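The values are calculated or read from the model by the stated rules, or taken from the named source; none is laboratory data. Since we're looking at a predicted model, the values are computed, not measured. Cβ coordinates were reconstructed from backbone atoms using ideal geometry, including for glycine residues, and neighbour counts include every protein chain displayed. Quick note on the areas: whole protein, heavy atoms, side chains included, nothing else; ligands and nucleic acids left out. Shrake-Rupley method; radii C 1.70, N 1.55, O 1.52, S 1.80 Å.
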Amino acid sequence: MTQPTAPSAAERALAQNARFLDRCCRLAGVGACEWWPASGQLVVSDAACELLGLPAGRVPTLAAVLGAFGPDGAAMLDAALQRAAEQGQGWDVELPCGTGRVLRVVGRADAAVAGADAGTDAEVGAEGSSSPTGPVSLVLLDVTEPAAVRAELERALDRLDLATHSGGVGVWDWDLTPGPRAGRLTWDDAMWRLHGETARPAGLDLAAWRRRLLPPDRRAAAQVLRAALREGAALDGEWCVTCPDGELRVLRWAGRVLRHASGRPVRVAGVCWDVSEPRRLQQQLQEQRELLETTLQSIGDAVLTTDAQGRVTWLNPVAQRLTGWRADDAQGQPAAHVFVTELPAASAPAGPGPGEGPAHVVGRCLRDGQVTPLAAAAVLVSRDGRRRAVDASVAPIRHGGGAVRGTVLVFRDVTQQRRQFDEIRWHASHDSLTGLVNRAEFAQRLNRALERSRRDGSHHAVLALDLDRFKQVNDLCGHAAGDAVLCEVARRLQAGVRGRDTVARLGGDEFAALLENCGPDEAERVAEALCRSVAQVRHEQGPHRVQLGVSIGVAALGPRAATADAVLQQADAACLAAKAAGRNRVQLVPLAA
């Protein structure tokens, strides 16, 4: 009987590394999955199984993995997987799962693996073919709130409870979840005291509360509640209540609707306090409350406030970090000195005048008294010179009579989002191999050129290019060599046209070019030069030597063209004629009489 072979040192080291990696993943609360769309194969780490509450030691089905996130989460992730498999789109979301955890799920299509596997599949002919779909990789991270944070939250709630009760503020909660407590309105002791009643642990329903309101206020309260539930509006109102002893009190209610991830409202919570004080105090309290409310509503982002002259009065910690200014140093400074922005050269308007930055925005807001956004491409320059992409707007702060008494500037760092958006936009309009624009973007530019031609009578030219003998490179030397040749051809084509022209890869070994403001004679000269340039491309690998060529069809794009697609089809037909006439030559579409 053959004795089992002892594992080698490399195998033992590999096993040890695998165990170490698994322990690290478990300690860090990180799991991983890999799904191959073509075969349906699924690989799930033990750490991922533990996070999802699935049995370790055996590979679960994709349905089981998705089902751990509930029906809504499963549907969303299934759609994300399909987009990743078909379009290469990634995602980054946080979802609750059945284990009680909240997991951050990051996924992307592994283009590198797909590209490596593609070399072993069927050959790509002159017309091109789709590459095999690679795996979609998922990383699961446990982002459930730590116990220490929950403890700190409980301490904060205790402090809030002390503050509200000391200030005579009541806290209320309206439960909307299905169950025995559905529709119950829960009040704390302060709420009952505000209504002049003794606390009742069982609470009350909404109808009982409405009976305590004066008849004119019942309809207004119902409208505010409906707007909050249906439209997401803030719940805020003042209503008169009748106490058991007959006293009338004006109580102010404020709250917000808390919603499930699906958007369904689950509860409405808020506070209530007595605003029956004399009206001579109400104006002063209203000014302070409006300033506080406007600031607190934006406290999650960076917030900077100014007075009516545009001088800084306050910055929150986030604004201090992004601008590089301490609150004490910034107070009293013009907004233009603290919040400094600039526009990239490509986005700046021609001949910008002074004050086009945030100072101008603040001044315009003070002048017009309305919300004023900052330019979409604005970049914040901090005090230490660092630059960040920002999204910002300025809103007026008003007196009770409506006069503007200052502004609040709210902004956030969107550097990462803008970078990701730019990358997504670039990949959506460019060929990933050569960097040239793709077919969809080329079609849009053709249509814009045709519209411009009809508007101003300009003439352009469209070139359709098809490589000669490219299939021999793929057949004899492999797809990697073919990709290298395509990149070299793309470089030569781009270098051979003018700066304002567009070169596109339509697919496989098919290219196209749009020569703007170019007549037939000049288009023919450019096409001949491209022919000569591509004819210099020779690929040698071992005993194989392939010299490329290119057949080019040239069609005019002018005001009388029917459609951009029709012009491109004419260029394609001329390209085929050039191939039939011997290849590596230029064929012009005859001009209509």
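Taking label positions 7 Å along the Cα-Cβ direction at both Gln89 and His544, the computed distance is 3.8 nm, reported to one decimal. Label sites at Thr415 and Ala227, each approximated as a point 7 angstrom past Cα along Cα to Cβ, lie 4.0 nm apart. Other residues with beta-carbon under 9 Å from the beta-carbon of Gly270 carry, at +1 per Lys or Arg and -1 per Asp or Glu, a net charge of -1.
How about region 196-264: which GluC sites (Glu not before Pro) there lie in a loop by DSSP and see at most 12 other Cβ atoms within 10 Å? Intermediate results must be reported in sequence, preceding the final value.
Numbers: sites: Glu197, Glu231, Glu238, Glu247; in loops: Glu197, Glu247.
Qualifying residues, ordered by number: Glu247.
Ligands, DNA and RNA excluded, the heavy atoms of Val526 present near 20 Å² of accessible surface to a 1.4 Å solvent probe. Placing a pseudo-label 7 Å from each Cα along the Cα-to-Cβ vector at Arg58 and Arg367 gives an inter-label distance of 7.4 nm.
Computed with every protein chain present, the accessible area of Arg311 is close to 100 Å² [probe 1.4 Å]. Within region 486-593, the trypsin sites (Lys or Arg not before Pro) that combine a DSSP coil assignment with at most 12 other C-beta atoms in a 10 angstrom radius are Arg498, Arg500, Arg560. Shape class of region 167-279 from the Cα gyration tensor (axes a ≥ b ≥ c, square roots of the eigenvalues): prolate, since a/c reaches 1.5 or more and a/b is larger than b/c. Hey, with R₀ at 51 Å, roughly what FRET efficiency would Glu247 and Glu441 work out to, going by the Cβ-Cβ distance, to 0.05? Once rounded, the FRET efficiency stands at 0.10. Multiplying the residue separation of Val106 and Asp161 by 0.36 nm and subtracting their alpha-carbon distance yields 16.0 nm.
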